[in-house]
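The next block holds one structure in the form of C-alpha cells; read it before the comments.
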Amino acid sequence: MKQKFDHPDTAVLHYGRDPDKYHGVVNPPIMRGSTILFPTMQALCVAEQKWHSQPYYGRYGTPPTFAFEQAIADLEGGYRAVAVSSGVAAVTSALSAFVSSGDHILMVDTVYGPTRKFCDAFLKRFGVETTYYAPGVGAGIAELIRENTKVVYLEAPGSLTFEMQDVPAIAAAAKARGVTVMMDNTWATPIGFSPFKHGVDVSIHAGTKYIVGHSDALLGVIVTNEDAFMPVRQATALYGHHVAPDDIYLAQRGLRTMAIRLERHAGNALVLCEWLKQQPEVTRVLNPALPDDPGHALWQRDFRGSCGLFGFVLRPEIGGREVTALVESLKLFGLGFSWGGYESLVLPVDLSTVRSATQWTEGPVIRLHAGLENPADLLADLERGFSVMRAAG
Ligand SMILES: *Cc1c(COP(=O)(O)O)cnc(C)c1O
C-alpha cells in the first residue's frame, strides 16, 4: 500500500490501484493468464518459493488479483487476503484450513444456511463435530469450548434474523484457549465493521454482495491476520479456488463505489424500517441499526455502519397466501436470492431448518434488501403491497 487512509470512503477509491503500472490507465486491467513465463531458472525458483505473493501460476492469481486482495485486507485492517470463487468457497475453505478429524467447531446458530450445511453434511463425514451456540452467548462461550475446539465461528448480525453478537467478548474467551476466531462479515462489509480490531483472526466476505455490488458476479474474500494467512492460502490453493480475471475486474470496480452505495442502501433501509414499524401487521423490524433493536447497543459500540439488508416479522396469524400476495404484488422489490446489488429484493424466509440451538417462535419473517431507488418510490411500492396483502387476508 502506497498510502494509508483512515476514512474508508477515501480508501475504497485508492487501495489496490496503481495507474503508473498500467500506462496511466485508471483501473487495473483484466489480465488473463494460466502460464507465467520466467526468464531464468533462478527466477522460476524464486517465484516457486513466493507462489502466494507474486505471479507464479495463473491459479494463484495475476497482479490485478493480488492488488484486489490487498485492497480488501488493507481496508479491513487485516494482514492479507485471498479471493476465491464465491462466498461459500470462502467459508468452506477457511473452515477446512483449521480443522482435522477429531476436532470441534463452535458455530453460531444464526449462521448462513449453506455454512451450516457444510458442517453438518460434509465436515461431519470427515470426523469434525459442530456445536451450535446462541448468538447472544457472549463471554459464556468459554463454557462451550472443549479440549478439541479449533474454531469459534461468528456471523453478526446473523443471517435472516439479524441478531447481534458480542464479538470482542467471544473472541477474548476463544483466544484465551488458543482457538481460532472466524467471522462472516458480509453484512457489515470491511467498511461497517473492523473484525481485526475486535479479536477476529479470519474474516470472510461474500464479495458477491456489496463488493461486486451489481448482481453480476460471484466472489468470496478471506482476510486473515498474519498467523492465519498461510493455512488459508494453502487450503484455497489446494482446493483449486480461483477467481476469473473478469470477476476480479468487476469486484475491484464495484469496490470503488461501495462506500457511497452503502450510505444510500443503509439510509433507504432505515426509511423502510420506520414505515414498517407503523404497520399493524408487523410485530417487529429486524435491523440492529434501529435504536429499539435488541442488538442496537452492541452494534453502536462496535460497528461503524449498516447496510440495506434487514427483516421484518409479521403477526403469527398471517399465512402463506397473504405473504405470497404481498411479495408478488411488489414491483420494485424483485423476488430472489442473494443481495447487495443496486436493486431492491424481497424474500420470505423459512427458519424451520436453519436453527438448532435456538428456536424461532415468532411469526413469518420477510427479508428485504433496500436498493438504491428513491426511498419514496420504495415506500409507495410497499404501501401497495401491504394493501394487496390486506385484501388477501
Ligand atoms: C451470500 C452469503 C454467502 C455466500 O456467498 P455466495 O457468493 O453466494 O456463495 C456467505 N455468507 C453470507 C452471510 C451471505 O449472505
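Listed values, structure above:
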read-out	value
Those residues of the range 266-296 which are more than 26 Å from the chain's Cα centre (by Cα) and free of Cβ contacts under 8 Å to residues at least 60 places away in the same chain, in sequence order	LYS277, GLN278, PRO280, VAL282
Residue among ALA235, ALA228, ALA251, ALA244 that is hydrophobic (A, V, I, L, M, F, W, C) and more than 17 Å from GLY61 (Cα to Cα)	ALA228
Where a residue in the range 182-193 is farther than 22 Å from LYS150 by Cβ and its partner, wherever it lies, is more than 11 Å from the ligand (Cβ to nearest atom) and of a type in the set (Phe, Trp, Tyr), with Cβ under 7 Å and at least six apart	ALA188/PHE303; GLY192/PHE303; PHE193/PHE303
Residues being within 16 Å of the ligand (Cβ to nearest atom), within 25 Å of PRO294 (Cα to Cα) and assigned to a loop (DSSP other than H, G, I, E, B) - total across the range 339-368	6
Elements of type helices (runs of 4 or more DSSP H) in the range 106-213, at least 2 residues being more than 16 Å from the ligand (Cβ to nearest atom) and surrounded by fewer than 24 Cβ atoms within 10 Å (Cβ to Cβ)	167-176
Members of the range 94-125 found to be of a type outside the set (D, E, K, R), free of Cβ contacts under 8 Å to residues at least 60 places away in the same chain and out of contact with any Ser or Thr (no Cβ under 7 Å at 6 or more places or on another chain), listed by number	VAL99, SER100, SER101, GLY102, VAL108, PRO114, ALA121, PHE122
Those residues of the range 82-105 which are touching a strand residue (DSSP E or B) at 6+ places or on another chain (Cβ under 9 Å) and more than 15 Å from the ligand (Cβ to nearest atom), in sequence order	ALA97, PHE98, VAL99, SER100, GLY102, ASP103, HIS104, ILE105
Residue that is under 27 Å from ARG59 (Cα atoms), surrounded by fewer than 23 Cβ atoms within 10 Å (Cβ to Cβ) and β-branched (Val, Ile, Thr), where the choices are VAL99, VAL91	VAL99
Candidates THR115, THR130 - the one that is at pLDDT 95 or above, polar (S, T, N, Q) and in contact with a Cys (Cβ under 7 Å, 6 or more places away or on another chain)	THR130
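The values are calculated or read from the model by the stated rules, or taken from the named source; none is laboratory data. Everything numeric here is computed off the predicted structure, so don't read it as measured data. Note that we place each Cβ from the backbone using ideal geometry, even for glycine, and neighbour counts take in every protein chain shown.
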